[in-house]
Amino acid sequence: MHILHTIKFHKSANAMRDLPPDTGAEVAFAGRSNAGKSSALNALASHKGLARVSKTPGRTQLINIFALDDDHRLIDLPGYGYAKVPLAVRDHWRALVDTYMRQRQSLKGVVLIIDSRHPLKEFDRQMLTYAESIDLPCHCVLTKADKLSRSEAARTLAHTRAELGADGSEQARVSVQLFSATAKTGLDEARDVVLRWLGLPTAAK
């Protein structure tokens, strides 16, 4: 069994002061509401109840911290792009995520969860541009790939990679893959990226 299986929910944070000490390494998960972020986290950890899955977009309203140990964490950021919350709440989310990404020294990369049926919406592009502006690597996970035919999925992957200039090398600042929590597609690939960023052994080693 892979090491991510041992991860546990640690705490939720509504402000920077609520976060654990800024040491070690952590990987953040971001994505538009209802893109499948919680399902992806659960699948990567092989833990159905790790992150709460809801059919109601915008359920993640805090920064949720999942810890392997004191020095290795996964961070579930609030889903962005969801309008049915008060403007003041959205502004708070945006400010919190902005501050977190700019100031958090232990943040090593962002896994951007994108619905493969609706790739690269405005919010996805904003997050990619933002990550690039602070020189943070970003791994795009095209979720719900089981909803597409094999040819549709291949076209979507090729188009997204071409548009983002993702060349497939480990040194690239942007990478893209297909993923399905339901069909277990792309789990090892995504896990290896996360483990590499955390400085932990990957399945390939």
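Which of the trypsin sites (Lys or Arg not before Pro) across region 16-53 are loop residues per DSSP, with 15 or fewer other Cβ within 10 Å? Mind showing how you got there, number by number?
Working: sites: 17, 32, 37, 48, 52; in loops: 48, 52.
Qualifying residues, ordered by number: 48, 52.
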Quiz item: In nm, to one decimal, how far is the residue 150 label point from the residue 133 one, both placed 7 Å along Cα→Cβ?
Solution: 4.2 nm
Quiz item: For residue 72, which sequence-distant residues (separation of 5 or more, or a different chain) have an amide H within less than 5 Å of its own amide H, given hydrogens modelled in the peptide plane?
Solution: 25
Quiz item: Given H placed on each backbone N at 1.01 Å, which residues far from residue 140 in sequence or on other chains put an amide H within less than 5 Å of it?
Solution: 112, 175, 176, 177
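Give me the percent relative contact order of the chain, please, defined on Cα pairs under 8 angstrom at least 6 residues apart.
On the way: 357 pairs, mean separation 45.6, N = 205.
Over the chain, the number comes to 22 percent.
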Practice problem: Have a look at the DSSP beta bridges in region 3-198 and tell me what percent are antiparallel, nearest 5. | Solution: 30 percent
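Counting DSSP beta bridges with both partners in region 100-205, what percentage is antiparallel, nearest 5? Mind showing how you got there, number by number?
Working: 1 of 12 bridges.
That works out to approximately 10 percent antiparallel.
With +1 on the Cβ of every Lys and Arg and -1 on the Cβ of every Asp and Glu, and nothing else charged, how large is the dipole of the chain about its Cα centre, in debye rounded to the nearest 20? Don't jump to the answer; show the numbers that get you there.
Details: 29 positive and 22 negative charges, 153 e Å.
Dipole magnitude for the chain comes out near 740 debye.
FYI, it's all coordinate maths here, none of it is from the lab. Keep in mind it's a predicted model, so treat the numbers as computed, not measured. Reconstructed Cβ throughout: ideal geometry from the backbone, glycine too, with neighbour counts over all protein chains shown.
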